[in-house]
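Q: A single structure is presented below for examination.
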Amino acid sequence: MHPILFTIPLIDRPIYTFGLMFALAFFLGSLLLERLARKYGDHPETDPQAFANLSLWLLFGVVIGARLMYCAIHPEEMTATTDGETTSVVGVVWNVISVWKGGLVFYGGFIGAFLIGLFKVKQYKLRTWHTADLVMIAGFFGLGIGRIGCFLIGDDHGRPCAESLPFPIALHVPKPLPLGSLFDPKYEGYTLYATQIWMMVNGFGIAAFGWFIFKNRKFSGQATFIMAAIYSITRFIIEYFRGDDTARGYTETGIMLFGERFKLFTSMKVSIVVLPVSLLMLYWLWQQSKSNPEPDAS
């Protein structure tokens with residue numbers, strides 16, 4: 001685990017691995033999106049620049065949406081000072097915008113980017129669902145890269161499991177924990193499910209499958225909502241194996257599963273909504289494509 005990648009000499013400034021991986025995910029995802037726009041855009045000469053501009057707005061939506069959802073899940077962190085006292089209104093605002101303290105939630109980022117994207121595609125005169133297909137492929141590719149950062153800092157870790165399970169199914173937590181690690185100290189020396197690696201593979205896998213769907217799609221938006229539906233299912237399953245309970249917020253459903261009370265986490269609840277919405281959108285776009293066929297650029 002390498003939460004701090006290196007320290008800049010002279011100024012003694014640490015470079016955090018997650019921040020670097022987040023930047024790398026955005027850069028490579030944007031580069032892939034530009035390549036897709038150049039090859040599959042309606043206007044190869046102008047679309048690459050339009051998609052580059054769109055990428056910056058999507059980044060803004062991702063960060064704002066992901067942070068706001070994290071704040072909604074953890075309001076106690078936003079209203080308290082470091083010594084546990086209630087902070088002022090200015091302090092709450094500062095806690096909210098301090099993205100380096102606390103974390104981000106993927107689904108919030110997805111919703112934020114989606115809402116801003118719907119507005120911006122009209123401004124840039126891009127086809128909404130054709131653009132969404134390209135953005136989702138590049139987005140899940142970037143997500144896979146970003147999850148490497150989660151692994152390197154110990155974020156989004158799994159719960160304890162059998163020590164005999166090999167990597168990447170499981171991972172052994174260092175003891176002592178390195179400076180800046182987000183592993184719960186109680187798990188020092190334990191073997192946990194490698195859920196960060198699972199989410200990394202999940203991101204790359206969905207991007208690859210989305211590309212396959214895009215190349216064989218029957219209507220624009222098909223790849224978008226198939227990817228969203230698959231992610232809702234896989235994320236729900238992976239959440240069951242996560243071990244950072246206090247970082248995610250949950251409710252007890254009262255359902256006994258495998259001899260234990262099943263916890264319903266925030267991302268699970270969002271997944272339960274995303275799946276039927278994605279299926280309904282697929283059906284609606286399919287019906288629309290039959291009555292109003294859209295020119296296809298794939």
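Q: All but one of (1) at pLDDT below 90; (2) out of contact with any Phe, Trp or Tyr (no Cβ under 7 Å at 6 or more places or on another chain); (3) not in a helix (DSSP H, G or I) hold for Val93; which doesn't?
A: (3)
Q: Taking the condition of being in contact with a Pro (Cβ under 8 Å, 6 or more places away or on another chain), in a helix (DSSP H, G or I) and either of a type outside the set (Val, Ile, Thr) or without any contact (Cβ under 8 Å) to a residue 40 or more places away in the chain (or both), how many residues in segment 187-201 meet it?
A: Residues meeting the conditions: 2.
Q: Scan segment 227-237 and give yes if some residue there is surrounded by fewer than 16 Cβ atoms within 10 Å (Cβ to Cβ), outside any loop (DSSP other than H, G, I, E, B) and touching a helix residue (DSSP H, G or I) at 6+ places or on another chain (Cβ under 7 Å), otherwise no. Steps first, answer last, please.
A: Of all residues in segment 227-237, those surrounded by fewer than 16 Cβ atoms within 10 Å (Cβ to Cβ) come to 233, 237.
Still in the list and also outside any loop (DSSP other than H, G, I, E, B): 233, 237.
Now drop any that are not touching a helix residue (DSSP H, G or I) at 6+ places or on another chain (Cβ under 7 Å), which leaves 233.
Yes - at least one qualifying residue is present in segment 227-237.
Q: Next up: Of all residues being out of contact with any strand residue (DSSP E or B) (no Cβ under 8 Å at 6 or more places or on another chain) and surrounded by 16 or more Cβ atoms within 10 Å (Cβ to Cβ) in segment 1-27, which is nearest to Leu59 (Cα to Cα)? Just the residue, please. If you could, list the steps in order and put the result at the bottom.
A: Step one: filter segment 1-27 for residues out of contact with any strand residue (DSSP E or B) (no Cβ under 8 Å at 6 or more places or on another chain), giving 1-2, 9-12, 18-19, 21-27.
Narrowing the set further to residues that are surrounded by 16 or more Cβ atoms within 10 Å (Cβ to Cβ) leaves 1, 18, 21-22, 25-26.
Values: Met1: 27, Phe18: 16, Met21: 14, Phe22: 11, Ala25: 11, Phe26: 8 Å.
In this case the residue turns out to be Phe26.
Q: Taking the condition of being touching a Gly at 6+ places or on another chain (Cβ under 7 Å) and aliphatic (A, V, I, L, M), how many residues in segment 23-53 meet it?
A: Residues in segment 23-53 being touching a Gly at 6+ places or on another chain (Cβ under 7 Å) and aliphatic (A, V, I, L, M): 2 in total.
Q: Checking the condition assigned to a loop (DSSP other than H, G, I, E, B) and modelled with pLDDT of 90 or more, which residue from Leu56, Leu143, Leu126, Leu115 passes? Outline the logic, then answer.
A: Details: Leu56 fails: assigned to a loop (DSSP other than H, G, I, E, B); Leu143 fails: assigned to a loop (DSSP other than H, G, I, E, B); Leu115 fails: assigned to a loop (DSSP other than H, G, I, E, B).
Unique residue meeting the criteria: Leu126.
Q: Give me the pairs, please: first residue somewhere in segment 202-214 and within 10 Å of Met227 (Cα to Cα) and modelled with pLDDT under 95, second residue anywhere and of a type in the set (Asp, Glu) and surrounded by 20 or more Cβ atoms within 10 Å (Cβ to Cβ), beta-carbon distance under 8 Å, and either six or more positions apart or on two chains.
A: none
Q: Let me ask something else. Output yes when any residue across segment 113-135 is over 30 Å from Ile226 (Cβ atoms) and basic (Lys, Arg), and no when none is.
A: Looking for residues that are over 30 Å from Ile226 (Cβ atoms) and basic (Lys, Arg), one finds none in segment 113-135, hence no.
Q: Would a scan of segment 275-290 turn up a residue that is in contact with a helix residue (DSSP H, G or I) (Cβ under 8 Å, 6 or more places away or on another chain), at pLDDT 90 or above and crowded, with 21+ Cβ neighbours inside 10 Å?
A: no
Q: State yes or no: is Gly158 modelled with pLDDT under 95, surrounded by fewer than 20 Cβ atoms within 10 Å (Cβ to Cβ) and small (Gly, Ala, Ser)?
A: Working: modelled with pLDDT under 95: yes; surrounded by fewer than 20 Cβ atoms within 10 Å (Cβ to Cβ): no; small (Gly, Ala, Ser): yes.
It is false that Gly158 is modelled with pLDDT under 95, surrounded by fewer than 20 Cβ atoms within 10 Å (Cβ to Cβ) and small (Gly, Ala, Ser).
Q: To continue, here is another question. Could you list all residues from segment 1-49 that are of a type in the set (Ser, Thr, Tyr), at pLDDT 90 or above and under 18 Å from the mean Cα position of the chain (by Cα)?
A: Passing the criteria: only Ser30.
The values are calculated or read from the model by the stated rules, or taken from the named source; none is laboratory data. In this text the structure is predicted, and so the values were computed from the model without any measurement. With ideal geometry, Cβ positions are generated from the backbone for all residues, glycine too; neighbour counts draw on all protein chains shown.
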